[in-house]
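The structure appears right after this line, and notes come after that.
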Amino acid sequence: MSRNSISAAIEFVEAGFLYGRGNSEKESSSACSLVKGINLKVDKGECIVVTGPSGCGKTTLTRMINGLIPSAYVGVLRGEVSILSRLLADWEMDALSCTVGSVFQNPRSQFFNLDTTSEIAFGCENIGIPRDEIGSRVARTVQALGITHLLERDIRALSGGERQFIALASVYAMNPSIFVLDEPTAALDIDAMYRLRETVLRLKRMGKTVLIAEHRLWWLRGVVDRVVLMDKGEIVNDLSINKFEEIEQENREAFGLRAWDIREVHPVRRISSFLQEASPALCVKDLEVRYKKSASPVIHHCDLEVYSERALALVGRNGAGKTTFCRCLAGLHKESAGVVKVNGSSLSASQRAGKIYLAMQESGYQLFSDSVEGELLLALKARETNGQKDCHSREKVDFSLIESKLEDFGLTEVRDRHPLSLSGGQRQRLAIAAGALQGARIIVLDEPTSGLDLNNMKRVASEIERLKSLGVAVIIVTHDFEFACATCEEIAYLDQGKIMDRFELSDKTLSKTRALFGFKED
């Protein structure tokens, strides 16, 4: 068979995996999830991107390369998977982990230490590298990735994007021959995406093999050699980069692919009902937020007004304090100074809970039911707290509202699955659907498109438009320029702990918007 070819770093031959139902959390994937008939060969030194609709099987494919399938996930593995011409079944896990370095969609799932320096060194320690050499590798790694400022930091205090780079650094330091990156840009700002791009190019120059599962594609122009398209668990096309770039924009969009060239993206023109003299739904005045009384404030002297029927994109670099600001708004973190008013009334942190709904960046932390439908049922019952009419009795719940949300967010087919068995994009959509059902008049979305393909991004955008039409005020924390252009009327730029700029999003301000997001002029 073709595994005798010494040029292959990764090879699938009629490979597939059907998840089974296990009793532990790591075995919780549904038997409905299926990857089948995969034939794929990645040569040594090659860089490919695997893309396609959310839930198409990209993450499962990566797990079949790094050995998590079948070692950590219960199910039926079919066909053959070879790494460096050696069948996966013949690898010992410790040897495989030295050969295949993985960066997961949620970096927290691969952390073992509380401080960043120890985490970067951890993998090297595990494979027995001498202490002096480990120190040298850590130093070279942080220099190469441009993250020297993240040394000796508490991992829990890092932003999502900063954690992602620590996860990458821990793998980079081990110097594997194959890198597998699953949605590596999900929490990265544009500047960090450029740095990741340079890192991948450096890996290619070093002769490393790189497989990237990704929705956001623009940063991979000039980087990847091939584009592999997946849908419903199968590879539907495998294109050289030259063939892929011949595809017209409208045809790429028809398949649900994000922008290949960011210059293709423009703000959606919409008729605004915004009146400047209207009272704001949310008014933040001189807000200050600290994590410890003795620590410097993360947010300070921060002012912001948000209006009903509008969506505001809150942008800024990783670590600027955007998530901290939003957690404070939603009552999850108490402010140390300042005032937060909702519809003209000053509310404490505890009083804001429920009135301001936050869909978290890591949505798994706010999903509590054992099924998708059950999660939406919990959200519907919570409407009573927000002054809605629904009752806690299951018999009196209007299930048509649940059916509507399942349809709106493309979750009907997974209604019986456990929320933690969903893909990252599916979990994100479920959290947003739950927020919409709760009836909050102010909704804050923290990186809502981190795992979404184009079609599901459009689903979320359509739901945001519907919420605005009902008088809801929406704040969207995002590094996703495409999504901001599809949904938002305004941009607010957070830097150094406060709002430094705010303006209407339009074609006239497009150049300024791109610059604030961090794009470089071509």
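Going highest first, how would you order 484-497, 426-439, 120-133 by mean Cβ packing within 10 Å?
Per-residue mean Cβ counts within 10 Å order the peptides as 426-439, 484-497, 120-133.
Quick check for you: with a 1.4 Å probe and neighbouring chains kept, what is the accessible area per residue of the chain, in Å²?
Per-residue value: 43 Å².
Percent relative contact order of the chain, based on C-alpha pairs within less than 8 angstrom and at least six residues apart?
Averaging sequence separation for qualifying contacts and normalising by length gives 16 percent for the chain.
Which order do 93, 64 take by accessible area at a 1.4 Å probe, largest first?
Largest accessible area first, the residues go 93, 64.
Taking the alpha-carbon centroid of each part, what is the distance from region 327-388 to region 214-245 in angstrom?
What the calculation gives is 38 Å, centre to centre.
Compare the peptides 136-147, 42-53 by average per-residue count of other Cβ atoms within 10 angstrom and give them in order, highest first.
Listed from highest to lowest mean packing, they are 42-53, 136-147.
Classify region 40-140 as rounded, prolate or oblate from the Cα gyration tensor: take a ≥ b ≥ c as the square roots of its eigenvalues, call it rounded if a/c is under 1.5, otherwise prolate when a/b beats b/c and oblate if not.
Prolate shape, in that a/c is at least 1.5 and a/b is the bigger ratio.
Calculated from DSSP H runs of 4 or more alone, at -39500 (n - 2.57) each and per residue, what is the 222 nm mean residue ellipticity of the chain, nearest 500?
-9000 deg cm²/dmol
Is the shape of region 51-106 best called rounded, prolate or oblate, per the rule: a/c under 1.5 gives rounded, else a/b larger than b/c gives prolate, else oblate, with a ≥ b ≥ c the square roots of the Cα gyration tensor eigenvalues?
prolate
What net charge is computed for the residues neighbouring residue 208, neighbours being all others with C-beta under 11 Å from the C-beta of residue 208, Lys and Arg scored +1, Asp and Glu -1?
+3
Just to confirm my numbers, what's the Cα centroid distance between region 80-130 and region 455-478 in Å?
Centre-to-centre (Cα) distance: 39 Å.
Could you work out the relative contact order of region 397-451? I mean the mean sequence separation of Cα pairs under 8 Å and 6+ apart, divided by the number of residues, in percent.
35 percent
With the Cα gyration tensor of region 113-184 giving a ≥ b ≥ c as the square roots of its eigenvalues, does the rule (a/c under 1.5 for rounded; else a/b larger than b/c for prolate; else oblate) give rounded, prolate or oblate?
Oblate, since a/c reaches 1.5 and b/c is not below a/b.
What is the sum of charges around residue 371, taking Lys and Arg as +1, Asp and Glu as -1, for the other residues whose C-beta is under 10 Å from the C-beta of residue 371?
Net of charged neighbours comes to -2.
Give me the angle, in degrees from 0 to 90, between the Cα long axis of helix 160-172 and the longest principal axis of the Cα atoms of the chain, rounded to the nearest 10.
Taking Cα atoms only, the helix is inclined about 10 degrees.
With Cβ to Cβ distances under 12 Å as the rule, what net charge do the other residues near residue 131 carry (K, R +1; D, E -1)?
Summing Lys/Arg as +1 and Asp/Glu as -1 gives -2.
In this model, which of 322/468; 232/508; 292/381 are farther than 31 Å apart at the alpha-carbon?
232/508; 292/381
Of the accessible area of the chain, with the probe set at 1.4 angstrom, what percent is carbon plus sulfur?
48 percent
Which whole-number percent is the relative contact order of region 396-522 (Cα, under 8 Å, 6+ apart)?
RCO, region 396-522: 18 percent.
Assign unit charges at the C-beta atoms only (+1 for Lys and Arg, -1 for Asp and Glu), then state the dipole size of region 100-139 relative to its Cα centre in Debye, rounded to the nearest 20.
It works out to roughly 120 debye.
Residue separation times 0.36 nm, minus the C-alpha to C-alpha distance between residue 243 and residue 508: what's the value?
92.0 nm
May I ask for the angle, rounded to the nearest 10°, between helix 131-145 and the longest principal axis of the chain, with both axes built from Cα atoms and the value confined to 0 to 90°?
Helix 131-145 and the main axis of the chain meet at about 60 degrees.
Against the longest alpha carbon principal axis of the chain, how many degrees, from 0 to 90 and to the nearest 10, is the axis of helix 399-408 turned?
Roughly 50 degrees, rounded to the nearest 10.
The values are calculated or read from the model by the stated rules, or taken from the named source; none is laboratory data. Just so it is clear, the model here is predicted, and its values are computed rather than measured. Counting neighbours? That spans all protein chains shown, and the Cβs are built from the backbone with ideal geometry, glycine included. For the accessible areas, the whole protein counts, side chains as well, though only heavy atoms, and no ligand, DNA or RNA atoms are used. Shrake-Rupley method; radii C 1.70, N 1.55, O 1.52, S 1.80 Å.
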